[in-house]
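Undergrad: This is the structure, below, for whatever I ask next.
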Amino acid sequence: MAGGAAGGGKNGVRIVVVGDRGTGKSSLVVTAVSETFSTNVPPVLPPSRLPDDIYPDRVPVTIIDTSSSIDSRNKLAEELRRADAVVLTYACDQPETLERLSTFWLPELRRLEVRVPVIVVGCKLDLRDELHQVSLEQVMSPIMQQFREIETCIECSAFKSIQIPEVFYYAQKAVLHPTAPLFDQETQTLKPRCIRALKRIFILCDHDRDGALSDAELNDFQSVELTNDAIDFLKGIFTSYDTDGDGALQPVDLVDDLFSTAPDSPWTEAPYTDAAATTALGGLHMDGFLSKWALMTLLDPAKSVEYLKYLTYDGDAASAIRVTRKRRIDRKKQQSDRNVFQCFVFGPKKAGKSALLNAFLGRPFSDSYTSTNEDRCAVNVVENAPLQGSKKILILREIPETGVKKLLSDKESLASCDVAIFVYDSSDELSWKKVTELLVDIASHGEDTGYEMPCLIVATKDDLDPYPMAIHDSTRVSQDMGIEAPIPVSAKLGDLNNVFRRIVNAAEHPHSSIPETEAGRSRKQYHQLINRSLLFVSVGTAVAIVGLAAYRVYAARKRASS
């Protein structure tokens, strides 16, 4: 092997590409280096070096192309003995080249005592006969059982630019982060030291020492909401304090009576102060009262339970708080069983975000403009028309344009978002351009972190004339990203076009209306290819899949910044 220690001390990785003539070795190398397919490729390329920053480890990768002719066998053997890893190719449209892996190439590597990781690569995927599809796992499993030195099997297409970077990523990964210290290929089991390390990690993460990792310990975000028992209790409390029977609790009722047994009222500061619909005198109807409790439970469940106790609720926390199902499971089941949904509201300045929140709370429209510099919440009950009598609580969280950058600096920032809306002034072309940029930024962040959510576009100020290309632009973006056309509304005219019910409907069906960026679409195509068994790895190498996901995120961000 080439000199240097594996991992952080490695100063370069030398990858030698071998295989039968015509299997696509040189095209594979050229496409990896230039990121474009060329029809004019010499039979054998000179040594080629990939950019240092192409992979997260930033270790230089040198690729050595070789000739399979008999006259070049001595040169081939010399290069193989200097290799850190070997990429062994066959052609997907030439079954005989696949057979030659086990009848010639792999035995030849053993004869030459080449003891380095081997990545088997099926080239020319685009030429494979679609009528005779064969699972890569089915084909390669017997070969990998016989030749344990094979780390990974992957199929690719230089012509279609499918999985080319991944080929050399796996080869580099096998050198820098070898599985041999962790996994015994002969027995197909984890080694004792690896098992001890995993047990140690488990113990460190099992904070409550109950012998199992809870959802919180796994950092898999879930929401909480009040149980029916707690809601029934609060309804009874509301009725008992509504002594005049007008269906509303006045501010003095809340402070002097309802929360008199508590240290203070929990709703005197943001985000609760102005978050719910009120009467002309500032009182709360039943829906507004329950909405504030729902908001507090979502944002601070411990505080919600504490104040329930102050109101003499005699149940424990488990009977008051319901932990909802994971959002990713909701997406798989294509429906949500939540009763409380949180919607993030994005948009440029003067787009009409605050006017929309005010309309949600039943407040009159105002022509005066006040810039929102902090996050603001509005919460209300939404009637679900298709299911008469069904109600959901919707929380709108307005994100100022200046606060988006800070929000996206946290990879968990979208974890609590059930649905997002993007608001723009339909009469202003610049407002449209800014909101589409926000949509792409949020969608990209969701794709990178796994917190994707349904998204809707809301075109405000429908009482004004739209800018000239409005219909054309909105149709193009909606179709490109796979979401609904913008919803036109006018807060000034009170024409809201059922927008809040449509937001709840999107949240209830979390698998739909999820925008897809170009980078996300490419990533999805990769996953679909992998799911069709274009990639097959040994059990010990399966850990590299995690690293590949990290690489793809790294590559997408690198492309975006260039």
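Matching residues to (1) basic (Lys, Arg); (2) over 21 Å from Glu508 (Cβ atoms); (3) outside any helix (DSSP H, G or I); (4) free of Cβ contacts under 8 Å to residues at least 40 places away in the same chain:
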position	(1), (2), (3), (4)
Ala420	no, no, yes, no
Tyr424	no, yes, yes, no
Glu437	no, yes, no, yes
Ser444	no, yes, no, no
Glu447	no, yes, no, no
Asp462	no, yes, yes, yes
His472	no, yes, no, yes
Thr475	no, yes, no, yes
Glu484	no, no, yes, yes
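Undergrad: For segment 248-268, enumerate the residues that are open to solvent by 30 Å² or more (accessible area, probe 1.4 Å), under 19 Å from Val379 (Cβ atoms) and either polar (S, T, N, Q) or at pLDDT 90 or above (or both). Spell out the reasoning first.
TA: First, pick out the residues of segment 248-268 that are open to solvent by 30 Å² or more (accessible area, probe 1.4 Å): 250-253, 255-257, 260-261, 263-264, 268.
If we keep only those that are under 19 Å from Val379 (Cβ atoms) too, we end up with 251, 268.
Passing the criteria: only Thr268.
Undergrad: So, of the residues in segment 66-109 that are among the aromatic types (Phe, Trp, Tyr) and over 36 Å from the mean Cα position of the chain (by Cα), which turns out to be most open to solvent (accessible area, probe 1.4 Å)? Before the answer, list the steps.
TA: Let us first name the residues in segment 66-109 that are among the aromatic types (Phe, Trp, Tyr), namely 90, 104-105.
Subsequent filtering for residues that are over 36 Å from the mean Cα position of the chain (by Cα) retains 104-105.
Numbers: Phe104: 44, Trp105: 6 Å².
In this case the residue turns out to be Phe104.
Undergrad: For segment 507-521, state whether one or more residues are over 18 Å from the mean Cα position of the chain (by Cα) and open to solvent by 60 Å² or more (accessible area, probe 1.4 Å).
TA: Taking segment 507-521 and keeping what is over 18 Å from the mean Cα position of the chain (by Cα), we get 508.
Restricting the remaining residues to those that are open to solvent by 60 Å² or more (accessible area, probe 1.4 Å) gives none.
No, the conditions are met nowhere in segment 507-521.
Undergrad: Pairs please, first residue from segment 146-159 and over 25 Å from Ala180 (Cβ atoms) and open to solvent by 10 Å² or more (accessible area, probe 1.4 Å), second anywhere and modelled with pLDDT of 85 or more and of a type in the set (Phe, Trp, Tyr), Cβ atoms under 8 Å, 6+ apart in sequence or on different chains.
TA: Ala158/Phe37; Phe159/Phe37
Undergrad: Separate question: Of all residues in segment 29-65, which are in contact with a strand residue (DSSP E or B) (Cβ under 6 Å, 6 or more places away or on another chain), in contact (Cβ under 8 Å) with a residue 24 or more places away in the chain, open to solvent by less than 30 Å² (accessible area, probe 1.4 Å) and over 20 Å from His177 (Cα atoms)?
TA: Val29, Ile64, Asp65
Undergrad: Additional query: Pick out the one residue from Thr279, Thr297 that is in contact (Cβ under 8 Å) with a residue 24 or more places away in the chain and open to solvent by less than 30 Å² (accessible area, probe 1.4 Å). Talk me through it step by step, then tell me what you get.
TA: Numbers: Thr279 fails: open to solvent by less than 30 Å² (accessible area, probe 1.4 Å).
Selected residue: Thr297, the only one of Thr279, Thr297 that is in contact (Cβ under 8 Å) with a residue 24 or more places away in the chain and open to solvent by less than 30 Å² (accessible area, probe 1.4 Å).
Undergrad: Tally the residues that are under 28 Å from Gly247 (Cβ atoms) and either open to solvent by 10 Å² or more (accessible area, probe 1.4 Å) or not in a helix (DSSP H, G or I) (or both), restricting the search to segment 308-329.
TA: Looking only at that region, the number is 10.
Undergrad: Further question: Report, by residue number, each residue of segment 427-442 that is surrounded by 22 or more Cβ atoms within 10 Å (Cβ to Cβ) and among the small types (Gly, Ala, Ser).
TA: Within segment 427-442, just Ser431 meets the criteria.
Undergrad: Follow-up. Please determine whether any residue of segment 401-408 is of a type in the set (S, T, N, Q), within 22 Å of the chain's Cα centre (by Cα) and over 24 Å from Arg502 (Cβ atoms). Reasoning before the result, please.
TA: Filtering segment 401-408 for residues of a type in the set (S, T, N, Q) gives 402.
Now narrow it down to the ones that are within 22 Å of the chain's Cα centre (by Cα): none.
No; the residues of segment 401-408 include none that is of a type in the set (S, T, N, Q), within 22 Å of the chain's Cα centre (by Cα) and over 24 Å from Arg502 (Cβ atoms).
Undergrad: Only one residue in Asp330, Asp418 is over 24 Å from Ala276 (Cα atoms) and of a type in the set (D, E, K, R). Which one? So that I can check it myself, show each step before the final result.
TA: On the way: Asp418 fails: over 24 Å from Ala276 (Cα atoms).
Step by step, each of Asp330, Asp418 is checked, and only Asp330 is over 24 Å from Ala276 (Cα atoms) and of a type in the set (D, E, K, R).
Undergrad: Going by the conditions given, is Ser474 farther than 18 Å from Val345 by Cα and open to solvent by less than 30 Å² (accessible area, probe 1.4 Å)?
TA: Numbers: farther than 18 Å from Val345 by Cα: yes; open to solvent by less than 30 Å² (accessible area, probe 1.4 Å): yes.
Judged against the criteria, Ser474 is a match.
Undergrad: In the set Val120, Val86, which member is modelled with pLDDT of 90 or more, in a strand (DSSP E or B) and in contact with a Leu (Cβ under 6 Å, 6 or more places away or on another chain)? Working first, answer last.
TA: Working: Val86 fails: in contact with a Leu (Cβ under 6 Å, 6 or more places away or on another chain).
From the options Val120, Val86, the qualifying one is Val120.
Undergrad: Looking at Ala415 and the list (1) surrounded by fewer than 23 Cβ atoms within 10 Å (Cβ to Cβ); (2) modelled with pLDDT of 95 or more; (3) of a type outside the set (Phe, Trp, Tyr), which single condition is not satisfied?
TA: (2)
The values are calculated or read from the model by the stated rules, or taken from the named source; none is laboratory data. All values reported here derive from a predicted model rather than from experimental measurement. Here Cβ is always computed from backbone atoms with ideal geometry, including for glycine, and neighbour counts include all displayed protein chains. These area figures cover heavy atoms from the full protein model, side chains too; ligands, DNA and RNA do not enter into them. Shrake-Rupley method; radii C 1.70, N 1.55, O 1.52, S 1.80 Å.
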